[in-house]
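Undergrad: Here you go, one structure.
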């Protein structure tokens, strides 16, 4: 199931897997009853992969990051980085490592008591301005369940990248719409601006590689990294405050820590490049706190400046 020099960028979804996901989505109550959320949390703590084939491809780009950036990036061994990454990526084949499947198909009651939430007042204070809120986040392995847990405390919309598999995308879109009220495809900037105009927070993660034409190169762990400028541009157009939001999977089966930070002051600034550097630094700081939970499988350093060799070659 490997594809390309550095392995798959996302797990290949076959029709049986899509059918399985659809069945789970239509049988939420049974799924929640059979597999409590605490069960995959405990298994993650033991690093016990339920589907060996689903796990191995994800390791390839993660190993590359650990090998190339171990001095400046991760204060741990290569194997430690891979192990931490696997703890959030071993459940539900085809789910691209963003959780265990419960976050989209589980019943609300299954999540009660799993959340430690700090900083909700920052979101409320920002919403009081009446301009909506850009919930700045990043692609951690826990992003889906973090969003689901926050939505139980405060409703918001999400901006996401549609899945390439049509059947799987249909299930994801239905689930996200149900839990987050509205799921906005990545290219629908007008849709995002409409939500902000209605004073609704919108979850937004700019830490993906969309190629040289849509990006500028700013430092990320000391490496010039292709980074989109959307956070600065959207904040400038909408006048919406930017409130960072990140989640952390706690050790063992303790649940998840959700943290909302104060709205960024003086943002956007006079320079789009400076704004993009600032956003990159915020995300880097959070990744340093939990490097094993970042979704390195997205190959963050894929696009290189002209003349630089590829990181994953």
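The values are calculated or read from the model by the stated rules, or taken from the named source; none is laboratory data. Predicted, not measured: the structure shown is a model, and the values here were computed from it. Reconstructed Cβ throughout: ideal geometry from the backbone, glycine too, with neighbour counts over all protein chains shown.
Undergrad: From the set of residues in the range 239-254 that are surrounded by fewer than 21 Cβ atoms within 10 Å (Cβ to Cβ) and over 17 Å from the mean Cα position of the chain (by Cα), which is nearest to residue 125 (Cα to Cα)? Please lay out each step first, then the result.
TA: Taking the range 239-254 as the starting set, the residues that turn out to be surrounded by fewer than 21 Cβ atoms within 10 Å (Cβ to Cβ) are 239, 248, 250-254.
Narrowing the set further to residues that are over 17 Å from the mean Cα position of the chain (by Cα) leaves 239, 251-254.
Details: 239: 15, 251: 31, 252: 33, 253: 32, 254: 29 Å.
Restricting to residues being surrounded by fewer than 21 Cβ atoms within 10 Å (Cβ to Cβ) and over 17 Å from the mean Cα position of the chain (by Cα), the top hit is 239.
Undergrad: Considering only the range 225-241, state which residues are over 30 Å from residue 309 (Cβ atoms) and in a helix (DSSP H, G or I). Explain how you work it out, then say what you get.
TA: Taking the range 225-241 first, the residues over 30 Å from residue 309 (Cβ atoms) are 233-241.
Residues satisfying the conditions are 233, 234, 235, 236, 237, 238.
Undergrad: Here's something else I'd like to know. Could you look through the range 242-257, keep only residues that are assigned to a loop (DSSP other than H, G, I, E, B) and in contact with a strand residue (DSSP E or B) (Cβ under 8 Å, 6 or more places away or on another chain), and pick out the one that is nearest to residue 306 (Cα to Cα)? Give the derivation first.
TA: If we filter the range 242-257 for residues that are assigned to a loop (DSSP other than H, G, I, E, B), which is where we start, we get 250-255.
With in contact with a strand residue (DSSP E or B) (Cβ under 8 Å, 6 or more places away or on another chain) added as a condition, the list becomes 250, 255.
Working: 250: 40, 255: 43 Å.
Ranking the candidates gives 250 first.
Undergrad: Could you check, for the range 257-270, whether at least one of its residues is under 15 Å from residue 207 (Cα atoms), surrounded by 17 or more Cβ atoms within 10 Å (Cβ to Cβ), touching a residue at least 12 places away in the same chain (Cβ under 8 Å) and over 20 Å from the mean Cα position of the chain (by Cα)? Steps first, please.
TA: As a first pass, look at the range 257-270 and keep what is under 15 Å from residue 207 (Cα atoms): none.
Looking through the range 257-270, none of the residues is under 15 Å from residue 207 (Cα atoms), surrounded by 17 or more Cβ atoms within 10 Å (Cβ to Cβ), touching a residue at least 12 places away in the same chain (Cβ under 8 Å) and over 20 Å from the mean Cα position of the chain (by Cα).
Undergrad: I want to confirm something. Restricting to the range 259-300 and keeping residues that are assigned to a loop (DSSP other than H, G, I, E, B), at pLDDT 95 or above and touching a helix residue (DSSP H, G or I) at 6+ places or on another chain (Cβ under 9 Å), which single residue is nearest to residue 233 (Cα to Cα)?
TA: 268
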